[in-house]
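Worksheet for the structure shown next.
The values are calculated or read from the model by the stated rules, or taken from the named source; none is laboratory data. On a predicted model such as this, the values are computed, not experimentally measured, just so you know. Every residue, glycine among them, receives a Cβ derived from its backbone with ideal geometry; neighbour counts consider all protein chains shown.
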2 protein chains.
Amino acid sequence: MATKHDQIAGSLVSDIITGRYRVGERLPSERDLSERFTAHRGAAREAMKKLEQLGLADVKPGGARVRDRSEASLDIIGHLLREGELPDPELVDQILLVISGLITIAARQLVQTQSLPGDHRVLTLLQSLYQDDLDRETHSLLRLELMQALLTGSQNLPLQLIAKTLFNQLAPSVVPYMHDQTEPDRLAYNQCARELELALLQTDPNAVQAALERFHELNRTTFREAFNRHSQTAGDTTQTLNTKSKGAHLP
Amino acid sequence: MATKHDQIAGSLVSDIITGRYRVGERLPSERDLSERFTAHRGAAREAMKKLEQLGLADVKPGGARVRDRSEASLDIIGHLLREGELPDPELVDQILLVISGLITIAARQLVQTQSLPGDHRVLTLLQSLYQDDLDRETHSLLRLELMQALLTGSQNLPLQLIAKTLFNQLAPSVVPYMHDQTEPDRLAYNQCARELELALLQTDPNAVQAALERFHELNRTTFREAFNRHSQTAGDTTQTLNTKSKGAHLP
DNA sequence: CGGACCATTGTGGTCAGACCAAGTCGAATG
DNA sequence: CATTCGACTTGGTCTGACCACAATGGTCCG
């Protein structure tokens, strides 16, 4: 069992995110909550603290009120993804779009600030991606490492922090569906790896961006396929949080 | 006077950010801190909570340890900017670069998902920017509103949250230097506003990006000038609380 | 009858002191 | 010398109380 304040916070976060409390509405008082959850007030207090930290509520003497979602912290993304039985595909797509964009920015900054040495991490990784004898998992990992390397190479701290935050929130909701993904299009990946390599060596930001755009499009479709396959088989799960039966008998 | 836990947290954050504690090193215990600041342990506890929330420390039974900066939350940016007597120009530049990139992503998504009606907020704002009889401040505000409108128009929640977070952290450290900025290059702005308008109406993502790139470059230089001017005249500010003397009287 | 004023009440904010479980670290032991 | 074990420290939680401030509703005055 989670701690008391985690229970309370989780319940409140869920209630707010799903819109059971309207924006501006008053939240229950700490004393109310502590009674309802048979906890001491400190627990309720910590829960409210968490809500405030997430930017979901505005807590001050006299009462706590619900904030607009657009005023929230980036950390609510994880909760939004976790809310339904399946992550909202549109939200996932938006996140992927942003991550792609961030990586592109990083890559552009990478080539614009310095001409990278031939043994730069990014180039090494790209060459590894050429190999034809990689299994799917290794290929996935290398792609991830490549993105990570581009971000690190940018030397742009805010950029790295944003990307890490986004990724950390996305990963837990998405990894379960990635295990048996379809075979990626190696040919396309190889081609686009070569493009990227060339663009990097020529320090041409626009070419880098173009190559990355293709790369991200590949990733996106690869992911979409795996995800869609799962969302089809999850059509009739009406349970809340336990005993997920994925009765899959499609034609 | 700030609250006790704010004092403690501020002190610790500053110490960590400036590197007075090395990564992995143990932080003082809550009981130590509460004694040193003549505060209740709860205050020290809340301070540690804040450190954990900022991702600066890893606090668990047995002791709290300093985390690597790359593991931190995006919210440390504000503290990093606030740390010196003047914000680190390089960091500011990185942030501006990221914000620019985010807005570009937003604009691309805006034109790719829907052809916008002629009376869309963004277009209205662009037309306002044409006018020649705007004073500097109005022009600034309109530019800000334009960026805001692009972000909102993207309908991309993660994107909006990130941009808002970044901007909110940057603003307080930067606004003081923006009041008497130099006159912006109206001609260039107007030209690039027209470009952007055309690109938006044609729903051409690449043209939108190109126009925005020019726009951001203008903003960046406008800002840089104002900022540089101040960093020159800030040689002899010896207030604050430690009377930092920075010699620096170059030709 | 309407509006300004004020005390009561409830709220979050803080404090004090205690106990518990988990981690730390050094001493005793094989 | 390596391992184990136990005392000690640390954060985590709980209890209960007091404080300052905001909200609320009633009262009083115009």
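Could you list, in sequence order, all residues of region A:34-51 that are more than 13 Å from DNA strand C (Cβ to nearest atom) and either closer than 19 Å to B:Ser73 by Cβ or small (Gly, Ala, Ser) (or both)? Within region A:34-51, A:Ala39 is the sole residue that qualifies.
Just one of (1) closer than 27 Å to A:Ser173 by Cα; (2) in contact with a Lys or Arg (Cβ under 9 Å, 6 or more places away or on another chain) fails for A:His79. It is (2). Would you mind stating whether B:Val208 is among the aliphatic types (A, V, I, L, M), at pLDDT 75 or above and surrounded by fewer than 16 Cβ atoms within 10 Å (Cβ to Cβ)? Taking the combined requirement at face value, the residue does not satisfy it.
For the condition within 30 Å of B:Phe215 (Cα to Cα), part of a helix (DSSP H, G or I) and touching a Lys or Arg at 6+ places or on another chain (Cβ under 6 Å), B:Leu96 qualifies. Does region B:52-60 contain any residue that is more than 13 Å from DNA strand C (Cβ to nearest atom), without any contact (Cβ under 8 Å) to a residue 40 or more places away in the chain, surrounded by 13 or more Cβ atoms within 10 Å (Cβ to Cβ) and among the acidic types (Asp, Glu)? Yes, the conditions are met somewhere in region B:52-60. When A:Arg20, A:Arg41, A:Arg26 are checked against the criterion of being away from chain B (no Cβ under 14 Å) and within 14 Å of DNA strand D (Cβ to nearest atom), A:Arg26 stands alone in meeting it.
Does A:Arg31 meet the test of being loosely packed, with under 14 Cβ neighbours inside 10 Å, within 7 Å of DNA strand C (Cβ to nearest atom), more than 14 Å from every other protein chain (Cβ to nearest Cβ) and not acidic (Asp, Glu)? Taking the combined requirement at face value, the residue satisfies it.
Of the residues making up region B:173-214, those that are in a helix (DSSP H, G or I), in contact with a helix residue (DSSP H, G or I) (Cβ under 9 Å, 6 or more places away or on another chain) and among the β-branched types (Val, Ile, Thr) are B:Val174, B:Val208.
Could you please let me know if B:Arg82 is over 20 Å from the mean Cα position of the chain (by Cα) and in contact (Cβ under 8 Å) with a residue 24 or more places away in the chain? For B:Arg82, the condition - over 20 Å from the mean Cα position of the chain (by Cα) and in contact (Cβ under 8 Å) with a residue 24 or more places away in the chain - is not met. Restricting region B:47-70 to residues that are farther than 15 Å from B:Asp15 by Cβ and facing chain A (nearest Cβ under 8 Å), which is farthest from DNA strand D (Cβ to nearest atom)? Among those that are farther than 15 Å from B:Asp15 by Cβ and facing chain A (nearest Cβ under 8 Å), it is B:Ser70.
Apart from one condition, B:Ser128 fits all of (1) within 14 Å of B:Ala193 (Cβ to Cβ); (2) among the polar types (S, T, N, Q); (3) in contact (Cβ under 8 Å) with a residue 40 or more places away in the chain; the exception is (3).
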